[in-house]
Amino acid sequence: MQEYQAAGQRLLLLDYDGTLAPFHPNPQRAQPDQELLLLLRALTDNPQNRVVIISGRDRATLEKWMGHLPLDFIAEHGVWLRKAGDEWSLFQELRADWKTDIRPVLELYVNRTAGSFIEEKDYSLVWHYRRADSELGASRARELTSHLTFIISNTDLQVMEGNKVVEIKNAGINKGTAAARWLSTHQPDFILALGDDRTDEDTFRAMPPEAYTVKVGSAPRSSARFHVPGTLDVRNLLRSLL
């Protein structure tokens, strides 16, 4: 709190699912509640704060849910970037023609795993299994990860495991590379980065050693310096900054 209050320029990097909001069996029903919207509004009302939502979600969903707020966005794990008031831009030019070959593999696992489904983003495909039987889903996820890893060897793609998801995307772009761009542009005096899963480890590793990096949820191994149990604790922490 002392460092936050003393800082002239602050950068807050906030993951969404599992950090600002709890997970929902249907990802499209995990929209922010009024309490969260008011909290984000209060944080952005302070001209010393730059608040960035850094998420794996697609840009259309983030725009729909929170685009009316003066927030910066990093969408699809760093593929799409948008500073408050600006247009969306690609981190770099990417190709998506590979999805035609990979989608049938994911459809095979949907057919074999009741409750699972595919989400298609601009430059990635995601297999969700939160609604599947937990043991079966975890087993199928391991199989799918192994299957995809074999298929994409010697390509510029990567397989990424998240919270009840397996995602395939372009390699070399992640939350960390995108967050580093914000760091180089704004050079803040105070940095707070919050996230709950493996994809957020890229953000934590991209931060300077003095940054406040916070892992949300169970943290057996993490690059974050600190840990809080869940989304309620995240909101309490952010509320204490107002």
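Every number here is computed from the coordinates shown, using simple stated rules; none is lab data. None of these values were measured; they are calculated from a predicted model. Because the Cβ atoms are built from the backbone with ideal geometry, glycine has one as well, and the counts that use them run over all protein chains shown.
Tabulated results
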| read-out | value |
| --- | --- |
| Scope the range 66-89; condition more than 19 Å from P32 (Cβ to Cβ) and more than 19 Å from the chain's Cα centre (by Cα); matching residues | G85, D86, E87 |
| Single condition Q92 does not satisfy, out of (1) within 19 Å of the chain's Cα centre (by Cα); (2) part of a loop (DSSP other than H, G, I, E, B); (3) closer than 23 Å to A30 by Cα | (3) |
| Residue among T149, T177 that is over 16 Å from T19 (Cβ atoms), surrounded by fewer than 20 Cβ atoms within 10 Å (Cβ to Cβ), in contact (Cβ under 8 Å) with a residue 24 or more places away in the chain and among the β-branched types (V, I, T) | T177 |
| Qualifying positions in the range 113-137 - over 16 Å from K169 (Cβ atoms), surrounded by 13 or more Cβ atoms within 10 Å (Cβ to Cβ) and not aromatic (F, W, Y) | T113, G115, S116, R130, R131, A132, D133, L136, G137 |
| Whichever residue in the range 191-221 is within 15 Å of N163 (Cα to Cα) and among the small types (G, A, S) and, among such residues, is nearest to the chain's Cα centre (by Cα) | G195 |
| Qualifying residue in the range 7-25 (condition: at negative phi, part of a helix (DSSP H, G or I), buried (at least 21 other Cβ atoms within 10 Å of the Cβ) and in contact (Cβ under 8 Å) with a residue 12 or more places away in the chain) | no |
| Residue in the range 42-49 that is more than 15 Å from E120 (Cα to Cα), in contact with a Pro (Cβ under 8 Å, 6 or more places away or on another chain) and either in contact (Cβ under 8 Å) with a residue 24 or more places away in the chain or buried (at least 16 other Cβ atoms within 10 Å of the Cβ) (or both) present | yes |
